[in-house]
1. Residues with beta-carbon under 14 Å from that of residue 218, excluding residue 218: net charge, scoring Lys, Arg +1 and Asp, Glu -1?
2. Students often forget the sequence filter, so: which lysines lie under 30 Å Cα-Cα from residue 31 once same-chain residues fewer than 8 apart are removed?
3. What's the percent breakdown of Cα-Cα distances in segment 1-72 across 10 Å bins, shortest bin first?
4. All other residues with a Cβ under 15 Å from the Cβ of residue 189 taken together, and with Lys, Arg as +1 and Asp, Glu as -1, what is their net charge?
5. Compute the helix-to-body angle for 181-214: its Cα long axis versus the longest principal axis of the chain, expressed 0 to 90° and rounded to tens.
6. Note down, for the chain, the three equivalent ellipsoid semi-axes (square root of 5 times each alpha carbon gyration tensor eigenvalue), biggest first, whole angstrom.
7. All other residues with a Cβ under 14 Å from the Cβ of residue 131 taken together, and with Lys, Arg as +1 and Asp, Glu as -1, what is their net charge?
8. Mind listing the Cα extents of segment 199-266 along all three principal axes, in Å, largest one first?
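Please treat every number below as a calculation from the coordinates, not as lab data. Since the structure is predicted, the reported quantities are computational estimates derived from the model, not experimental observations. Note that we place each Cβ from the backbone using ideal geometry, even for glycine, and neighbour counts take in every protein chain shown.
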Amino acid sequence: MGSSQLFGLAMLAYILASAAYLGGLLFKTQKFWLAGRILCVCGVMLHLLATLLRWYASHQVGMGHAPLTNMYESLVFFALSVALINLFFEHRFRLHTLGAFVMPVAAVSMAYASFSDRVDASIKPLLPALQSNWLIGHVVTCFIGYGAFAVAAGLGAMYLLKNRAASPNAADRQNALVQELDDLDEFVHKTIIFGFLWLTAGIISGAVWANEAWGTYWNWDPKETWSLITWFFYAFTLHARFTGGKSGCFLAWMALFGFVAVLFTYFGVNFLLSGLHSYGSA
């Protein structure tokens with residue numbers, strides 16, 4: 001069985017995990033949460049094995065580069081990042097509900113990578129500009145950041161739904177399926193910080209890579225520009241939190257809007273704007 005088949009099985013596991021988590025959200029039963037977690041773990045294990053096999057296949061055909069160099073590979077790595085962060089939250093904070101909001105993102109990312117005509121899954125030689133040791137660091141840091149922002153958006157959606165359902169009566173704020181509003185707010189905040197740090201590292205490593213490839217740290221390429229816009233958006237969000245005490249619905253909505261900016265930075269720039277990153281993955 002090759003890497004493509006294993007990626008397909010991982011995608012199936014993520015789809016089934018999404019359905020199980022949604023079942024837990026709707027029917028309020030631990031069996032669905034457990035099924036979702038088991039399927040998510042299975043999907044991650046298949047995903048990691050597929051990644052290693054694809055890397056090995058790259059060596060077999062004489063290329064030997066890490067599977068992080070094109071849209072297909074970056075999409076599947078993004079899905080892996082989302083699934084891993086979801087498992088961390090579920091294990092560390094018993095936040096079972098989160099999977100219903102973020103695992104569909106991982107499933108859709110895998111499905112798009114597998115079935116879209118715009119995504120080429122073949123292993124190809126690297127362009128000269130991509131033949132750099134900074135490439136892996138740049139892509140990994142960026143997409144861990146993107147994965148964290150996806151989870152922050154899921155947490156923000158959870159907060160908004162919880163806030164809408166909550167009543168002024170403190171007793172009514174207790175719900176078996178969602179965390180307390182204050183806890184969710186803190187989770188959104190810390191996840192944005194986590195993603196922001198990784199995105200910062202991605203931008204810095206990308207600048208070093210750009211200087212190595214093109215002799216300048218910044219070209220105002222559309223991807224670079226939108227990455228910077230996204231960075232400033234999250235920087236403003238964190239600044240508002242630290243200095244103005246902005247939290248609650250403000251932070252939740254900013255997490256959702258920020259993820260929209262992330263999606264445009266990746267998909268919008270790749271498909272609508274041409275530039276140095278048109279062939280790249282981050």
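1. Numbers: positive: 223; negative: 212, 221, 224.
Cβ neighbours under 14 Å give a net charge of -2.
2. 162, 190
3. Over segment 1-72, the share of Cα pairs per 10 Å bin runs 22, 37, 23, 14, 4, 0 percent.
4. Numbers: positive: 190, 241, 246; negative: 180, 182, 183, 185, 186.
Residues close to residue 189 contribute a combined charge of -2.
5. That works out to roughly 10 degrees.
6. Numbers: eigenvalues 218, 121, 34 Å².
Ellipsoid half-lengths, sorted descending, are 33, 25, 13 Å.
7. Details: positive: 124; negative: 212.
Combined, the nearby Lys, Arg, Asp and Glu give 0.
8. If we take the Cα atoms of segment 199-266, the spans are 44, 23, 15 Å.
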